[in-house]
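Visitor: Quick one: structure below, then a few questions.
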């Protein structure tokens, strides 16, 4: 069995977050969804657990970071092409995301990012399978 990854993110408003990510084309597993959390399906092995802040807090004694003010992580997902990267970021912006930086094109790699409604940093990247980062030095 392949290892699965479950990224847990604290969110303020579950309904609002589900509406936002639905506009990006993501689906949710109803078996792992209630009024406190939902399981967003990225792929067969990658899932994002969107947890209300109150519920998230039950898993840690640490303070929850305000992702609008500090970065706790960067979620980076691959895309099939530069156009697919741009399409996802454009969908996110139309759904209410903010765009912190312009796209970066390194030839062998193209990336663009957005911040979701709770300020979490999402990066989409296309990498040329025949490319190389050697020239970045």
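Visitor: If a residue must be out of contact with any helix residue (DSSP H, G or I) (no Cβ under 7 Å at 6 or more places or on another chain) and either within 28 Å of residue 2 (Cα to Cα) or in the same structural domain as residue 21 (by TED's automatic domain parsing) (or both), how many such residues does segment 69-81 contain?
Guide: Of the residues in segment 69-81, the ones out of contact with any helix residue (DSSP H, G or I) (no Cβ under 7 Å at 6 or more places or on another chain) are 69-78, 80-81.
Filter once more, so that each one left must be either within 28 Å of residue 2 (Cα to Cα) or in the same structural domain as residue 21 (by TED's automatic domain parsing) (or both): 72-78, 80-81.
Looking only at that region, the number is 9.
Visitor: Let me ask another. At least 3 residues that are surrounded by fewer than 14 Cβ atoms within 10 Å (Cβ to Cβ) in each: list the strands (runs of 3 or more DSSP E) lying fully within segment 60-137 that qualify. First the steps, then the outcome.
Guide: On the way: elements: 74-78, 109-115, 121-127.
Once the strands (runs of 3 or more DSSP E) in segment 60-137 are filtered for at least 3 residues that are surrounded by fewer than 14 Cβ atoms within 10 Å (Cβ to Cβ), what remains is 74-78.
Visitor: Under 13 Å from residue 118 (Cα atoms), at pLDDT 95 or above and not assigned by TED's automatic domain parsing to the domain that holds residue 90: which single residue out of 33, 38, 52 fits that description?
Guide: Values: 33 fails: under 13 Å from residue 118 (Cα atoms); 38 fails: under 13 Å from residue 118 (Cα atoms).
So the residue among 33, 38, 52 that is under 13 Å from residue 118 (Cα atoms), at pLDDT 95 or above and not assigned by TED's automatic domain parsing to the domain that holds residue 90 is 52.
Visitor: Select from segment 21-36 the residues that are over 18 Å from residue 73 (Cβ atoms) and surrounded by 17 or more Cβ atoms within 10 Å (Cβ to Cβ) and list them in ascending order.
Guide: Correct list: 24, 28.
Visitor: Within segment 82-90, is even one residue within 23 Å of residue 53 (Cα to Cα) and not assigned by TED's automatic domain parsing to the domain that holds residue 48? So that I can check it myself, show each step before the final result.
Guide: Here is the first cut: in segment 82-90, the ones within 23 Å of residue 53 (Cα to Cα) are none.
Among the residues of segment 82-90, not one is within 23 Å of residue 53 (Cα to Cα) and not assigned by TED's automatic domain parsing to the domain that holds residue 48, which makes the answer no.
Visitor: Since residue 43 meets every condition but one in (1) loosely packed, with under 13 Cβ neighbours inside 10 Å; (2) within 17 Å of residue 122 (Cβ to Cβ); (3) touching a strand residue (DSSP E or B) at 6+ places or on another chain (Cβ under 8 Å), which condition does it not meet?
Guide: Among (1) loosely packed, with under 13 Cβ neighbours inside 10 Å; (2) within 17 Å of residue 122 (Cβ to Cβ); (3) touching a strand residue (DSSP E or B) at 6+ places or on another chain (Cβ under 8 Å), the lone unmet condition for residue 43 is (3).
Visitor: Cβ contacts < 7 Å: first residue closer than 21 Å to residue 64 by Cα and not assigned by TED's automatic domain parsing to the domain that holds residue 43, restricted to segment 1-27; second residue outside any helix (DSSP H, G or I) and at pLDDT below 95, any location; separation 6+ or different chain. Result?
Guide: Pairs found: none.
The values are calculated or read from the model by the stated rules, or taken from the named source; none is laboratory data. As the structure is a computational prediction, the values presented were derived from the model and not from experiment. All Cβ positions, even for glycine, are placed from backbone atoms using ideal geometry, and neighbour counts span all protein chains on display.
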